[in-house]
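S.K.: One structure, as structure tokens, below. Some questions next.
The values are calculated or read from the model by the stated rules, or taken from the named source; none is laboratory data. Since this is a predicted model, take the numbers as computed values, not measurements. Positions of Cβ are backbone-derived with ideal geometry, glycine not excepted, and every protein chain shown enters the neighbour counts.
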Amino acid sequence: MHILKIDSRIDQIAQDNVIEPGTYYCEDTLAAQMMYLAGGGQMEPLREKRVPDFAGSGAQLMWRNEPDTGDVNVCDSILIGRTGGLGDLTLLTPVLREIKRRWPAVKLAVASIRELQQSIQNLPFIDELLQYPVSKETADTYDGWIWLENAIEKNEDAKTLHSVDCITKFIGLDLPEGTDKRQAYVVTEEERNWVKFSYPRIPGYRRLCIQTNASGRCRTYPMPKTGQVIAAMLAKKWEVFLLGAPGEIKVPEPRPGLRIVSDDATFRQRAALIETADCVLAPDSSLTHIAGALEVPCVALYGAFPWEVRTKYNPTTLPLTGVGFSCNPCFHHAHMNKHFPDNCPTKAKGYCGVLDAIAPEYIVKKIEEIALGAEFKK
């Protein structure tokens, strides 16, 4: 983490995120980006650490400084800073829930990019949502800090441990046997009513929601094969909803039963639609995690990452991946325009060969099985 000082206002860092001149606590890459957008500034490493002592605390949570000064103080509030996407924040929810369950009096705040907070709104164990980067003035009012910079992205443990287990190890929180590690998401009644009014059920039809794209092309199932799945499910009298961010989905030729839910809907409205689905088909991305949190049957497609580190704790999620590839998994985190690792054998084709190897007809079969309540072994 770094201390960032900027003298100019920034309004293009992210949607609805306006950064006023001031001093902030910020991870290194974002701090450098903000200095560029502000036309200058200063940044230096954040040496102060306020560490919640999860391992040594009993009924009363404590915190200490690092470097260790020997002082131990009562921890009445914790600030957790996390960048990453909508799915990354959803994966954080089991950890937040456990902290609040064990120390209910502690005020728990999460600082994240404002437009990405949609995935963790309305959760009873989060007391406050703050804009990231968080100002020094605000952060200093909290007793304990947990900065999750590179807790997953550059952490070797993330290659073998589920994200929940990886983060708990990173912050020193021990989860007892039997702890609920499922992700959490809350749909509001207003959002449910929007779905009922906008997309009433068609009698006799099952409902399939498809997330067509992940944030990185290395995690996106090839669209021509997605089209084959869509055609097969429409022929089987399913209504099919294609879900995506505004401007993300090119409208195909209109077909009965096919709906595009993109430009006219928010992320939370699309998540509310998932709650009504008989099944979800999605890549390793946000709506896979939302489906898992809502306990909606989901067929999830994995290539770059092993499914065990993402969806192991989602009992209603069936992961599929291509087999027989020496490059699988590559653990590639897409960044900026680098959607594939340098040694990816299919990057010139614009897709992940591991995902491309999953046959559309096999996906269709698994959608029908899981929607009918078939038991499966991961």
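S.K.: If you take just the helices (runs of 4 or more DSSP H) that sit entirely in region 158-251, which of them hold at least 2 residues that are touching a strand residue (DSSP E or B) at 6+ places or on another chain (Cβ under 6 Å), of a type outside the set (K, R) and within 26 Å of Q269 (Cβ to Cβ)?
M.R.: Hits in region 158-251: 223-235.
S.K.: Would you please name the residue that is surrounded by the fewest Cβ atoms within 10 Å (Cβ to Cβ), looking only at residues in region 349-378 that are modelled with pLDDT under 95 and acidic (D, E)?
M.R.: Here the answer is E375.
S.K.: Filter region 195-213 down to the residues that are of a type in the set (S, T, N, Q) and either more than 28 Å from the chain's Cα centre (by Cα) or surrounded by 18 or more Cβ atoms within 10 Å (Cβ to Cβ) (or both) and list them by number.
M.R.: Q211, T212, N213
S.K.: Same structure, new question: Any residue that is small (G, A, S) and either surrounded by fewer than 16 Cβ atoms within 10 Å (Cβ to Cβ) or without any contact (Cβ under 8 Å) to a residue 24 or more places away in the chain (or both) - is there at least one of those in region 298-307?
M.R.: Yes, region 298-307 contains a residue that is small (G, A, S) and either surrounded by fewer than 16 Cβ atoms within 10 Å (Cβ to Cβ) or without any contact (Cβ under 8 Å) to a residue 24 or more places away in the chain (or both).
S.K.: All but one of (1) closer than 28 Å to V309 by Cβ; (2) more than 22 Å from the chain's Cα centre (by Cα); (3) surrounded by 21 or more Cβ atoms within 10 Å (Cβ to Cβ) hold for R102; state the number of the condition that does not hold.
M.R.: (3)
S.K.: Which residue is surrounded by the most Cβ atoms within 10 Å (Cβ to Cβ), if the candidates are limited to region 105-114 and must be without any contact (Cβ under 8 Å) to a residue 60 or more places away in the chain and of a type outside the set (K, R)?
M.R.: Selected residue: A111.
S.K.: Quick check: anything in region 41-50 more than 19 Å from Y142 (Cα to Cα), without any contact (Cβ under 8 Å) to a residue 40 or more places away in the chain and surrounded by fewer than 14 Cβ atoms within 10 Å (Cβ to Cβ)?
M.R.: Yes: one or more hits.
S.K.: Moving on to the next point. Which one is modelled with the lowest pLDDT, of the residues in region 68-99 that are of a type in the set (S, T, N, Q) and loosely packed, with under 15 Cβ neighbours inside 10 Å?
M.R.: Out of the qualifying residues, it is T69.
S.K.: In region 127-149, what residues are within 27 Å of E275 (Cα to Cα) and touching a helix residue (DSSP H, G or I) at 6+ places or on another chain (Cβ under 6 Å)?
M.R.: L129
S.K.: May I pose another question? Kindly provide the set of residues from region 180-194 that are surrounded by fewer than 16 Cβ atoms within 10 Å (Cβ to Cβ), under 24 Å from the mean Cα position of the chain (by Cα) and among the polar types (S, T, N, Q), ordered by number.
M.R.: Within region 180-194, T188 is the sole residue that qualifies.
S.K.: Residue by residue through region 302-341, note down the ones that are farther than 20 Å from I152 by Cα and at pLDDT 90 or above.
M.R.: P315, T316, T317, L318, P319, L320, T321
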